[in-house]
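Scroll down for the structure; my scribbles are underneath it.
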Amino acid sequence: AAHTPVIDTSDVFYDGNSQGGILGGAVTAVSNQWTRAVLGVPGMNYSTLLQRSVDFNLYQTFLDPAYPDEMDRMLSFSIVQMLWDRAEADGYAAHMTSSPYENTPEHKVLLHMAFGDHQVANIATETEARTIGASVREPALAPGRDTAVVPLWGIPPITQYPFDGSALVVWDSGTPAPPDANLPPNPPQYGADPHEKPRSQVSAREQKSEFLQTNGAVVDVCGTSPCLAP
């Protein structure tokens, strides 16, 4: 007897979280199989990410004795970044959405950022959003939550929904703002890690579902308040 698949194979989309969000930026930029992607808790530029991530604490214990000078460590990361550029979003971000590679379509990308993320630094997510020309959903955070001089600098707000473009949505779990310095947000000072919170929110999943359609768009699922992910 004939069977009807429950999965619609007429179109393909990408949805990746954490490393899947970081590497997914590169994959999306070169893909001619999909034109829409959701990157959950993503970032780019490993040389910026590593020392700001709690995941690197263990490796730091081996690195510091071998390279005791902080300047040597920073220089080493910058040099190695030239290799990482070939495999992560940093080397492809300029062509991820508009200005695509030859024989590759333009893409629309939805970024979900966990404010105060302990594993993927917000600064790397915001840098990616600026580079790909994304707009941010506002209000992104409650007043005073972001300690930056100019929060979300250089990222224009979304002014109308549904929004047919690339977007950044910030999800707040109540975690303290991340360090301004090149340091990881270690607990207990910086609270619980919100890294996995956005993908677990029903409203975030609804937003992704509306976006990952052939004629999809970014919809506002948080009303007049910041998007919360308790």
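The values are calculated or read from the model by the stated rules, or taken from the named source; none is laboratory data. Every value quoted in this text rests on a predicted model; they were computed, and no experiment measured them. Because the Cβ atoms are built from the backbone with ideal geometry, glycine has one as well, and the counts that use them run over all protein chains shown.
Report, ordered by the first and then the second residue, all pairs with beta carbons closer than 7 Å, sequence separation of six or more or different chains, a first member in segment 71-93 that is closer than 19 Å to Gly133 by Cβ, and a second member that is assigned to a loop (DSSP other than H, G, I, E, B) and of a type in the set (Asp, Glu).
Close Cβ pairs satisfying both conditions: Gly91/Asp85.
Residues are listed down the side, and each one gets a yes or a no for (1) under 22 Å from Arg130 (Cβ atoms); (2) outside any loop (DSSP other than H, G, I, E, B):
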| residue | (1), (2) |
| --- | --- |
| Leu168 | yes, yes |
| Gly174 | no, no |
| Ala177 | yes, no |
| Ala181 | yes, no |
| Pro184 | no, no |
| Pro198 | yes, yes |
| Ser203 | no, yes |
| Gln207 | yes, yes |
| Gln213 | no, no |
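Do we have Thr175 as hydroxyl-bearing (Ser, Thr, Tyr) and either under 24 Å from Pro230 (Cβ atoms) or in contact with a helix residue (DSSP H, G or I) (Cβ under 9 Å, 6 or more places away or on another chain) (or both) here?
Here the answer is yes, as Thr175 does meet what is asked.
If I ask for residues that are under 17 Å from the mean Cα position of the chain (by Cα) and either closer than 18 Å to Arg130 by Cβ or in a loop (DSSP other than H, G, I, E, B) (or both), which ones from segment 1-23 would you list?
Phe13, Ser18, Gly21, Ile22
If you scan segment 119-139, which residues turn out to be part of a loop (DSSP other than H, G, I, E, B) and within 17 Å of Val109 (Cβ to Cβ)?
Val120, Gly133, Ala134, Arg137
Do you know which of the residues in segment 24-39 that are touching a residue at least 24 places away in the same chain (Cβ under 8 Å) and part of a helix (DSSP H, G or I) is farthest from the chain's Cα centre (by Cα)?
Checked segment 24-39; the qualifying residue farthest from the chain's Cα centre (by Cα) is Val30.
Every residue, every condition in (1) surrounded by 15 or more Cβ atoms within 10 Å (Cβ to Cβ); (2) in contact with a strand residue (DSSP E or B) (Cβ under 7 Å, 6 or more places away or on another chain); (3) within 18 Å of Pro198 (Cβ to Cβ); (4) aliphatic (A, V, I, L, M), yes or no:
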| position | (1), (2), (3), (4) |
| --- | --- |
| Gln119 | yes, no, yes, no |
| Gly133 | yes, no, no, no |
| Pro143 | no, no, no, no |
| Trp153 | no, no, no, no |
| Leu168 | yes, yes, yes, yes |
| Ser173 | yes, yes, yes, no |
| Ala181 | no, no, no, yes |
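State which residue is surrounded by the fewest Cβ atoms within 10 Å (Cβ to Cβ) when the search covers only segment 28-39 and only residues that are in contact with a strand residue (DSSP E or B) (Cβ under 9 Å, 6 or more places away or on another chain) and of a type in the set (S, T, N, Q).
Gln33
Restricted to segment 134-167, and to residues that are more than 28 Å from Gly216 (Cβ to Cβ) and of a type in the set (Gly, Ala, Ser), which residue is modelled with the highest pLDDT?
It comes out as Ala142.
Looking only at residues in segment 59-114 that are among the aromatic types (Phe, Trp, Tyr) and either within 20 Å of the chain's Cα centre (by Cα) or part of a helix (DSSP H, G or I) (or both), which one is surrounded by the fewest Cβ atoms within 10 Å (Cβ to Cβ)?
By that ranking, first place goes to Phe62.
Mind listing whichever residues of segment 115-134 are of a type in the set (Ser, Thr, Tyr) and within 8 Å of the chain's Cα centre (by Cα)?
Thr125
So, in segment 40-58, exactly how many residues are surrounded by 15 or more Cβ atoms within 10 Å (Cβ to Cβ), in a helix (DSSP H, G or I) and among the hydrophobic types (A, V, I, L, M, F, W, C)?
The qualifying residues number 4.
Please determine whether any residue of segment 199-220 is free of Cβ contacts under 8 Å to residues at least 60 places away in the same chain and under 22 Å from Asp55 (Cα atoms).
Checked against the condition, which is being free of Cβ contacts under 8 Å to residues at least 60 places away in the same chain and under 22 Å from Asp55 (Cα atoms), segment 199-220 yields at least one hit.
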